[in-house]
1. Could you tell me whether region 171-181 includes any residue that is under 9 Å from the mean Cα position of the chain (by Cα), closer than 23 Å to K78 by Cβ and in a helix (DSSP H, G or I)?
2. What pairs can you find where one residue is in region 159-173 and in contact (Cβ under 8 Å) with a residue 12 or more places away in the chain, the other is among the acidic types (D, E) and crowded, with 23+ Cβ neighbours inside 10 Å, and their Cβ atoms are less than 8 Å apart, with a gap of 6+ or different chains?
3. If I filter region 154-177 down to residues being out of contact with any Leu (no Cβ under 6 Å at 6 or more places or on another chain) and among the small types (G, A, S), which single residue comes out as modelled with the highest pLDDT?
4. Taking the residues in region 108-140 that are exposed (fewer than 13 other Cβ atoms within 10 Å of the Cβ) and without any contact (Cβ under 8 Å) to a residue 24 or more places away in the chain as candidates, determine which candidate is nearest to L67 (Cα to Cα).
5. What helices (runs of 4 or more DSSP H) lie completely within region 3-122 and have 1 or more residues being under 20 Å from S135 (Cα atoms) and at pLDDT 80 or above?
6. So, in region 26-70, how many residues would count as being within 16 Å of the chain's Cα centre (by Cα) and either surrounded by fewer than 20 Cβ atoms within 10 Å (Cβ to Cβ) or of a type in the set (A, V, I, L, M, F, W, C) (or both)?
7. Among the residues that make up region 76-85, is at least one of them free of Cβ contacts under 8 Å to residues at least 60 places away in the same chain and either surrounded by 18 or more Cβ atoms within 10 Å (Cβ to Cβ) or closer than 26 Å to V184 by Cα (or both)?
8. I need every pair where a residue in region 18-30 that is in contact (Cβ under 8 Å) with a residue 40 or more places away in the chain and within 16 Å of Y158 (Cα to Cα) has its Cβ under 8 Å from the Cβ of a residue that is charged (D, E, K, R) and surrounded by 15 or more Cβ atoms within 10 Å (Cβ to Cβ), sequence separation at least 6 or different chains.
Amino acid sequence: MKILGKHKRLWDKDFWEILTAEFLSVTGGIIGGILLSVLTNKLEMIPALLILLPGFLEMRGNIGGSLAARLSADLHLKKISAKLKETSILKDNVLASSILAIFIALILGLLAYLSVYLIFGINNTNIIFIALIASVLSLILEMPLTIVATFWLFKHGYDPDDIMGPYVTTIGDVFSILALIITVMVII
């Protein structure tokens, strides 16, 4: 925000971009919470879901947010053009984000399984598969939206750094919960 210097306006473009993004984030968080309420009876059936859920939700926003930040930096530095086309930088970023998401989902699934096994003596390996399948599903949904939104915002004169953090966190939460619901319904 340009408060000092020549520009003494408090309500500049950055402020409105950030305010709008945060408003959408809060609204998306409410939607995510409503979707999560669908899972409450499943949480009782699979105790490891309660252990998996916080890390899984955090993972999606962090991975999507770092992808958006890398793409935004490349756009600002003119390493990639504002036209959405396949480049080696885009492919490498998508591949890195995908591998990271699957690897972290595997670790989260293993930790949830081990925690429930060691604490409660419940031997249910389904939680590992739930974490992996839900991660792949949410990747399929979230990654294209993250990429397209980052390029669209930059192309239309907005700063993706101001908007993409809350946006990706929101769509990550909503799509992660949807992916978990779908995966739990299929596996159980």
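The values are calculated or read from the model by the stated rules, or taken from the named source; none is laboratory data. Given the structure is predicted, the values throughout are model-derived calculations rather than measurements. In this analysis, Cβ positions are derived from the backbone assuming ideal geometry, glycine residues included, and neighbour counts consider all displayed protein chains.
1. No - not one qualifying residue is present in region 171-181.
2. Short answer, once both residue conditions are applied: V168/E142; I171/E142; G172/E142.
3. Once the filter is applied, the top-ranked residue is G157.
4. Of all residues in region 108-140, those exposed (fewer than 13 other Cβ atoms within 10 Å of the Cβ) come to 118-121, 123, 125, 140.
Of the ones still in play, those that are also without any contact (Cβ under 8 Å) to a residue 24 or more places away in the chain are 118-119, 121, 123, 125, 140.
Values: L118: 35, I119: 36, G121: 38, N123: 35, T125: 30, I140: 14 Å.
Within region 108-140, the match that is nearest to L67 (Cα to Cα) is I140.
5. Output list reads 13-38, 47-76, 88-120.
6. 25
7. Yes, because at least one residue in region 76-85 is free of Cβ contacts under 8 Å to residues at least 60 places away in the same chain and either surrounded by 18 or more Cβ atoms within 10 Å (Cβ to Cβ) or closer than 26 Å to V184 by Cα (or both).
8. I18/D162; A21/D162
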